[in-house]
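The values are calculated or read from the model by the stated rules, or taken from the named source; none is laboratory data. These numbers were taken from a predicted model, which means no experiment stands behind them. As a convention, Cβ positions derive from the backbone with ideal geometry for all residues, glycine included, and neighbour counts pool all protein chains shown. Note: accessible area is taken over every heavy atom of the protein model, side chains too, but ligands, DNA and RNA are not part of it. Shrake-Rupley method; radii C 1.70, N 1.55, O 1.52, S 1.80 Å.
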Amino acid sequence: MEALIDNLNYDISIEPPICINDYECLGGLDKSKLINALNALAADIQKRDIQKVGIVIDIDNFSVDERIQWVNECINQVFTNSANLSQIGKFIEISTATGEVIKLSCYFTNVDGKGELETVLKTIKSQNSTFADCLVSWRDCLENQGKSITGKEFDKFWVSLYIRFDTCSKKEKKQAERKCSMKNFDYIMKEKVDIWDLEHPVLEEVKKFLRIFTDE
């Protein structure tokens with residue numbers, strides 16, 4: 001998100017992601033994580049000039065309606081008198097117990113209605129991906145041996161190999177964990193953002209979502 005915002009030259013601040021472990025941000029349906037974040041938001045609204053808030057999570061294998069319902073259930077636990085979200089990219093007004101009102105919207109990371117961050121990254125890769133693409137043969141070998149790997153696991157593995165072997169220079173490989181690993185994804189997105197095509201059509205929906213935060 002920060003890389004896209006920089007690319008678009010938008011003035012939007014990003015809060016630290018809510019992580020369950022490593023870089024799997026809200027990777028499971030853990031309502032307590034989002035509810036805790038919304039409680040923190042309710043407190044921050046009273047102290048900071050917050051006007052608009054966006055919630056971004058992976059859609060995984062859920063439908064948009066299922067994800068919206070899940071987010072609404074979390075919102076209603078904190079902002080009891082607020083309207084419900086009905087679609088992505090549209091604001092609703094939520095109010096705190098002390099009367100502050102802000103606008104809130106949501107977006108679900110996806111490619112063609114499914115997937116997560118790694119699914120998007122795999123789609124928008126900009127460099128030769130020979131090493132990562134050979135995982136297809138490995139997956140076929142697994143299936144021939146009666147084993148399997150989920151699409152989610154495959155995409156995560158693909159992105160890791162793409163970063164580590166297809167886009168990591170000899171010099172960077174000397175510090176591979178810091179410069180060629182999803183463990184330090186912030187570095188990748190700040191120093192090696194060119195390994196992704198930020199003009200790819202699959203990003204148009206999320207760019208449209210970010211644009212609503214710049215409108216008056």
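For segment 27-71 versus segment 161-216, the inter-centroid distance based on Cα atoms is 23 Å. When Rg and the Kirkwood radius Rh are both evaluated on Cα atoms of segment 127-195, their ratio Rg/Rh stands at 1.04. When the solvent-accessible area of the chain is split by element, carbon and sulfur atoms take up 47 percent of it, the probe being 1.4 Å. If I take all pairs of Cα atoms in segment 37-89, what percentage of them are more than 18 Å from each other? So the pairs more than 18 Å apart make up 36 percent of the total in segment 37-89.
May I ask you to work out the translational diffusion coefficient for segment 49-161 at 20 °C, viscosity 1.002 mPa s, via Stokes-Einstein with Rh from the Kirkwood sum over Cα pairs, reported in whole µm²/s? So the translational diffusion coefficient is about 129 µm²/s. Residues 162, 10 ordered from highest to lowest accessible area at a 1.4 Å probe: 10, 162. Our summary of shape: the Cα atoms of the chain have principal axis extents of 57, 40, 29 Å, ordered from largest down, in whole angstrom. For the chain, the solvent-accessible area of protein heavy atoms averages 58 Å² per residue (probe radius 1.4 Å; ligands and nucleic acids excluded).
For the set 52/174; 90/156; 103/179; 47/192; 52/122, the pairs lying more than 32 angstrom apart at their alpha carbons are 52/174; 103/179; 47/192. Working note: 222 nm ellipticity from helices only, DSSP H runs with n ≥ 4, each -39,500 (n - 2.57), summed and divided by the residues of the chain, gives -11500 deg cm²/dmol to the nearest 500. The length gained on full extension between residue 200 and residue 63, counted as 0.36 nm times the residue separation minus their Cα-Cα distance, comes to 47.0 nm. Since only 34, 61, 163 are under comparison, the one whose Cα sits farthest along the positive direction of the charge dipole of the chain, derived from C-beta charges on Lys, Arg, Asp and Glu, is 163.
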